[in-house]
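Reviewing the structure listed below.
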Amino acid sequence: MNVFITGGAGYIGGTVARMLLAAGHQVTIFDNFCHSRRSAVPSGATLVEGSLADRSVLESALGAAQFDGVMHFAALIEAGESMKLPELYFRNNTAGTLTLLEAMLATGQQKIVFSSTAACYGEPERTPILEDARLAPTNPYGESKLLSEHMMRWENVAHGLRFAALRYFNVAGAIEGYGENHEPESHLIPLILDVALGRRASIKIFGTNYPTADGTCVRDYIHVEDLADAHLLALAALETRDRMIYNIGNGQGFTVLQVIDSVRRVTGHAIPVEVHDRRPGDPAVLVASSEAIQRDLGWKPRHGELDNIIASAWKWHRLLHS
Ligand SMILES: NC(=O)c1ccc[n+]([C@@H]2O[C@H](COP(=O)([O-])OP(=O)(O)OC[C@H]3O[C@@H](n4cnc5c(N)ncnc54)[C@H](O)[C@@H]3O)[C@@H](O)[C@H]2O)c1
């Protein structure tokens, strides 16, 4: 296969690119490095440096080879920042996706696997969350992704564009030699690992009075390698199906304190905590039902154990900061 990967220098795109290359596939990475480093591009990949905003660069890159599909990871990902700068998120994520879709249509590329998000749902009415749950994002980041899903649906109706939107929950873990390296980092697991490495004094817990087992928020963590598997299955399924929307999660939630305990077990570090008030807009529980993709595409998470997810992230985190 030959796959065009936007955002392929980032955490998830870079992981999928490495897994494709290791399996003998060809990869073209399209990234503007606004939130990543050139050194994250794996050897063996073709690099096109450019922005989603630049249709002519996209068209010439997409027209340069016969691709089996596009995997579209490039986006800004900070929900908090999006509350302050919604225009940045709609411009980069939504308008950027529209430009990519236009370039795909102009060059005859018909298949796209899109990185969507649990943030499309907002505050859930029921958990685990099914794909037909109410879609009510509580921040512009989630809205920018939901609007992209809507655009792909209409491009499918009008032009037969084939798409799979995968709504990820919390992605974590690492493969050998590559993992999460966001700047700034806002994800819980790398922040706790920073404490274990002595890069931070303590980890902040926001709210201990939620209606959960220990009062802290519950989230669903999916290993990045399992997520990569889902992308390959989705791209293959686009051979015969023209649109799909699936949740990708473990189906099992862990509280913030359970995650901290797991890091204590894996690293042997005490991990001091600092308790703060709840943050506005943080739902108590976000857990996915991924039964649909398991049933339809035969996807199965292989690395669901929280301690294993954290052990792989810990190995990478030490390497990154060594
Ligand atoms: N990390 C998670 O837990 C999570 C959860 C749900 C959804 N997602 C989605 O998965 C995707 C990948 O996330 P990630 O954690 O790997 O993020 P990341 O920040 O590590 O990677 C995103 C990449 O996209 C690039 N990029 C951004 N805007 C661009 C543009 N206009 N043109 C070209 N390149 C651009 C960045 O430079 C970066 O390399 C995103 O679309 C994100 O919304 C991530």
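The values are calculated or read from the model by the stated rules, or taken from the named source; none is laboratory data. Predicted, not measured: the structure shown is a model, and the values here were computed from it. All Cβ positions, even for glycine, are placed from backbone atoms using ideal geometry, and neighbour counts span all protein chains on display. The area values use the complete protein model at the heavy-atom level, side chains included, leaving out ligands, DNA and RNA. Shrake-Rupley method; radii C 1.70, N 1.55, O 1.52, S 1.80 Å.
The table below lists the values:
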{"quantity": "Any strands (runs of 3 or more DSSP E) falling wholly within the range 225-322 and containing at least 3 residues that are farther than 27 Å from GLY10 by Cα and in contact (Cβ under 8 Å) with a residue 12 or more places away in the chain", "calculated": "273-276"}
{"quantity": "Enumeration of residues in the range 289-322 that are exposed (fewer than 14 other Cβ atoms within 10 Å of the Cβ) and small (Gly, Ala, Ser)", "calculated": "GLY298, SER322"}
{"quantity": "Wholly enclosed strands (runs of 3 or more DSSP E) of the range 100-209 bearing at least 3 residues among the aliphatic types (A, V, I, L, M)", "calculated": "162-168"}
{"quantity": "Qualifying residue in the range 276-288 (condition: open to solvent by less than 80 Å² (accessible area, probe 1.4 Å), within 21 Å of HIS231 (Cα to Cα) and under 19 Å from the mean Cα position of the chain (by Cα))", "calculated": "yes"}
{"quantity": "Evaluation of SER148 against (1) crowded, with 16+ Cβ neighbours inside 10 Å; (2) touching a Pro at 6+ places or on another chain (Cβ under 8 Å); (3) small (Gly, Ala, Ser) (one fails), failing number", "calculated": "(2)"}
{"quantity": "Selected residue [among the basic types (Lys, Arg), more than 14 Å from the ligand (Cβ to nearest atom) and crowded, with 17+ Cβ neighbours inside 10 Å] from ARG199, ARG126, ARG162", "calculated": "ARG162"}
{"quantity": "Selection status of ASN209, open to solvent by 10 Å² or more (accessible area, probe 1.4 Å), touching a residue at least 12 places away in the same chain (Cβ under 8 Å) and over 30 Å from PHE4 (Cα atoms)", "calculated": "yes"}
{"quantity": "Single residue of TYR210, TYR178 found to be in contact with a Cys (Cβ under 7 Å, 6 or more places away or on another chain) and modelled with pLDDT of 95 or more", "calculated": "TYR210"}
{"quantity": "Residue ranges of strands (runs of 3 or more DSSP E) in the range 1-97 with at least 1 members within 9 Å of the ligand (Cβ to nearest atom), of a type outside the set (D, E, K, R) and open to solvent by less than 40 Å² (accessible area, probe 1.4 Å)", "calculated": "2-6, 26-31, 69-72"}
